[in-house]
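Reviewing the structure listed below.
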Amino acid sequence: QAAAGAAVGLAVAVGWVVYRRRARHAAIERRRARGVRRLAVINCRPEGGGYPDMFSKLFDAVAETRRLRPLELVVFEAAARRELPPHHEWDDFDAFLVTGSVRGVYDTDAWIGDVRRLVRRLVDERRKLVGICFGHQIVADALGGRAEANPRGWELGPTTFEPTAEAAKWLSRLAGSACPLRLTLNYSHGDWVPPDGVPEGLVCVGGTDVSPVQAMYDPEGRILTWQGHPEFDVATMNEVWARVVGNGVVRWPKGVDEAAAREELTRPTTEVFVALCVARFIGL
């Protein structure tokens, strides 16, 4: 009788798991049938918050001029609370986005190891993955490439680079819109993916003299990373400037006009095109 009871209990437990799995998949299919896409945001800001709201506003801005599917952002506070999307819920998401951070991939915070392992597993399972700034760097680091402190210094504020012809074609197909000859984004970083740090299988989009690897992609359409911040607007850059320059994190070389450099923060950027690329990449 005990054995029979245990068998019944096991059958009930297995049946419940199967039921929950089928119910979850049914809910996913209903959501997708409505055109809603779901993005897991792996927030690497140690104090939490910040980036998710910026990305939400960014995609709303793109939707004003482009027809996009509805998007639901689900935030996991990786740095603040060591939250990560549970593996059994990964099918609930159309893509995963790793944000920027004030930390470097070489730092020893436990959450950085968590995110590194997450990136590897996401790629192993061929999930769609976006990396921004720190996210760009940890993708390179996790996949056998390299990221480190940049010996050439910081990039701060609007920065322009020319995508390669190959990358421009790929981005144009992705966005459904012609890639600009030059891409300009807001930047705040003192680390880089060096020229020999691009992982095998990824393609460098292009770069600057200070940071030659400004973006990477997987030609199969599973990975897309940007060193710059498409989610940073002028107000955000002014806040960043006050923090990193005001606190002495960045010191300008002798002879540089700091006031003129700050005026550059108002220079137009191509964040809408880059955001459109990200939006199309995740299925919007």
(message) So if each residue of separation counts as 0.36 nm, and I subtract the Cα-Cα distance between residue 36 and residue 74, what length gain in nm does that give?
(response) 12.4 nm
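Let me check against my output: what whole-number percent is the relative contact order of the range 40-180, with C-alpha pairs under 8 Å and at least 6 apart?
22
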(request) In nm, give the distance between the simple-model label positions of residue 251 and residue 108, each being 7 Å from the Cα along the Cα-to-Cβ direction. (result) 2.6
(request) Starting from the range 47-149, pick out the chymotrypsin sites (Phe, Trp or Tyr not before Pro) whose DSSP state is loop and whose Cβ has at most 13 other Cβ atoms within 10 Å. (result) 106
(request) Over the range 161-259, calculate the relative contact order: mean separation of alpha carbon pairs under 8 Å at least 6 apart, over the residue count, as a percent. (result) 22
(message) If I stretch the segment between residue 116 and residue 149 completely, what's the gain in nm (0.36 nm per residue apart, minus their alpha carbon distance), one decimal?
(response) 10.1 nm
(request) Give the angle, between 0 and 90 degrees and rounded to the nearest 10, that separates the Cα long axis of helix 165-175 from the longest principal axis of the Cα atoms of the chain. (result) 50
(request) Using a Förster distance of 45 angstrom, determine the FRET efficiency expected from the C-beta separation of residue 209 and residue 125, and round it to 0.05. (result) 0.75
(request) Extending each Cα 7 Å along its Cβ direction at residue 220 and residue 172, get the distance between those two points in nm, one decimal. (result) 2.6
(request) Between residue 266 and residue 88, take the C-beta separation as r, use R0 = 51 Å, and let me know the FRET efficiency to the nearest 0.05. (result) 0.65
(message) Ignoring trypsin sites (Lys or Arg not before Pro) that are buried or in helix or strand per DSSP, and keeping those with at most 12 other beta carbon atoms within 10 Å, what is the longest stretch of the chain between them?
(response) 183-250
(message) Just the number: Rg to Rh for the range 104-189, Cα atoms, Kirkwood Rh, two decimals.
(response) 1.02
(message) Within 10 Å of each candidate Cβ there may be at most 14 other Cβ atoms; applying that plus a DSSP loop requirement, which GluC sites (Glu not before Pro) in the range 67-167 survive?
(response) 125
(request) Calculate, for residue 242 and residue 160, the FRET efficiency according to 1/(1 + (r/R0)^6) with r their C-beta to C-beta distance and R0 25 Å; round to the nearest 0.05. (result) 0.60
(message) Out of all DSSP beta bridges in the chain, what portion is antiparallel? Express it as a percent rounded to 5.
(response) 45
(request) Write down the accessible area per residue of the range 34-155 in Å², having rolled a 1.4 Å probe over the full set of protein chains. (result) 45
(request) Summarise the accessible area of the range 130-202 (1.4 Å probe, protein heavy atoms) by the percent that is carbon and sulfur. (result) 49
(request) Find the relative contact order for the chain and round it to a whole percent, using C-alpha pairs within less than 8 Å whose residues are 6+ positions apart. (result) 18
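The values are calculated or read from the model by the stated rules, or taken from the named source; none is laboratory data. Remember, it's a predicted structure, so these values are computed and weren't measured experimentally. Using ideal geometry, Cβ is built from the backbone for each residue, glycine included, and neighbour counts are taken over all protein chains shown. Calculation scope for accessible area: heavy atoms of the full protein, side chains included, ligands and nucleic acids excluded. Shrake-Rupley method; radii C 1.70, N 1.55, O 1.52, S 1.80 Å.
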